[in-house]
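Bear in mind these aren't lab numbers, they're just calculated from the coordinates by the rules spelled out. This is a predicted model, so every value here is computed, not measured. For neighbour counting, all protein chains shown are included, and Cβ atoms are generated from backbone atoms with ideal geometry for every residue, glycine included.
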């Protein structure tokens, strides 16, 4: 086993996520290896990109099966969180990892609330152990939202749409927001993941 690994499959925000962990004193490694992903004590699946191409890369590397088998702490950020669910409407419909039940759907634009949802939003209904508190603000950049279900550990509101801001199910963590861009709240969230 080896420390903290961040998937680097040619999409996403791997470098900025790595820097955020380094600021907390961690020494992450970037990897595209299924073997390294399986051995990692903690694994991060970064965000930014499209569901279809991200799943193609996970399948081609064999990391999709590694993620389904993992029992150690695993964090999906933004798109990385969405990939944990069964299906996404993105790219005409994409089958995903199906670790968690439900479908990822587009956010409906409303007057004053364009899509994608880009910027700072207030988090509430926060479960314990996440390093977050109700009233914290986090930075979001997404046009699709995960289903609000049993795994939801924090929420935000965009217009009149309730959006799961974070999920937690045993060793599985997810942040729809970008902790690496969310100042103190994001740092506390990543520190809580490291301590899990």
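Restricting attention to region 107-128 and to residues that are at positive phi and exposed (fewer than 12 other Cβ atoms within 10 Å of the Cβ), the residue that is farthest from the chain's Cα centre (by Cα) turns out to be 112. The set of residues from region 162-178 being surrounded by fewer than 16 Cβ atoms within 10 Å (Cβ to Cβ) and assigned to a strand (DSSP E or B) comprises 162, 169. Of all residues in region 38-48, those satisfying the criterion of being surrounded by fewer than 19 Cβ atoms within 10 Å (Cβ to Cβ) and either in contact with a helix residue (DSSP H, G or I) (Cβ under 8 Å, 6 or more places away or on another chain) or in a helix (DSSP H, G or I) (or both) are 38, 39, 48. Among residues of region 68-82 being in contact with a strand residue (DSSP E or B) (Cβ under 8 Å, 6 or more places away or on another chain) and part of a loop (DSSP other than H, G, I, E, B), the one that is nearest to residue 53 (Cα to Cα) is 78.
For (1) surrounded by fewer than 20 Cβ atoms within 10 Å (Cβ to Cβ); (2) part of a helix (DSSP H, G or I); (3) in contact with a helix residue (DSSP H, G or I) (Cβ under 6 Å, 6 or more places away or on another chain), each residue gets a yes or a no:
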{"residue": "18", "(1), (2), (3)": "no, yes, no"}
{"residue": "27", "(1), (2), (3)": "yes, no, no"}
{"residue": "35", "(1), (2), (3)": "yes, yes, no"}
{"residue": "66", "(1), (2), (3)": "no, yes, yes"}
{"residue": "84", "(1), (2), (3)": "no, no, no"}
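Residues in region 5-36 that are closer than 21 Å to residue 176 by Cβ and in contact (Cβ under 8 Å) with a residue 40 or more places away in the chain: 6, 7, 9, 11, 12, 13, 16, 17, 19, 20, 21, 24.
When you scan region 73-87, do you find a residue that is touching a residue at least 24 places away in the same chain (Cβ under 8 Å) and farther than 22 Å from residue 154 by Cβ, even just one? Taking every residue of region 73-87 in turn, none turns out to be touching a residue at least 24 places away in the same chain (Cβ under 8 Å) and farther than 22 Å from residue 154 by Cβ.
Against the list (1) free of Cβ contacts under 8 Å to residues at least 60 places away in the same chain; (2) more than 22 Å from residue 55 (Cα to Cα); (3) out of contact with any helix residue (DSSP H, G or I) (no Cβ under 7 Å at 6 or more places or on another chain), the condition residue 92 fails is (2).
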